[in-house]
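This report refers to the structure that appears directly beneath it.
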Amino acid sequence: MQTVDMPVMTDPTSFPLPMLNAGEAACVSRILPCGQGLARKLTAMGLSPGAKVTVLNGRGGPLLLRVGECRIAVGLGMAQRVMVKLCKT
């Protein structure tokens with residue numbers, strides 16, 4: 001008998017961080033599977049589940065973000081691993 005891997009259910013309201021426009025805010029819902037080094041780096045920068053993120057500038061190049069009281073720049077490849085959803089008020 002052949003087994004079939006079932007896809008992992010994801011939150012349909014989550015979307016990749018780079019889809020936010022400048023001035024928009026969202027909360028990190030999860031980090032997509034990636035290497036341990038990248039996961040540690042994202043966490044060290046404050047991009048962990050529950051964190052509120054505001055895009056300050058997302059045109060051409062790295063995303064400039066506000067996470068808490070800090071401003072950080074995140075490359076597009078890294079940002080694609082961060083899933084966000086609209087924050088509950």
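What to note about this one:
- Selection of region 41-85 for residues being touching a strand residue (DSSP E or B) at 6+ places or on another chain (Cβ under 6 Å) and surrounded by fewer than 15 Cβ atoms within 10 Å (Cβ to Cβ) yields Pro49, Lys52, Leu56, Asn57, Ala73.
- Those strands (runs of 3 or more DSSP E) of region 15-76 in which 3 or more residues are of a type in the set (S, T, N, Q) are absent.
Read-outs throughout are calculated quantities, based only on the coordinates presented, and are distinct from any laboratory measurement. It should be emphasised that the depicted structure is a prediction, and the values quoted were computed from it without experimental measurement. When we count neighbours, we look across all protein chains shown, and the Cβ atoms used for this are built from the backbone with ideal geometry, even at glycine.
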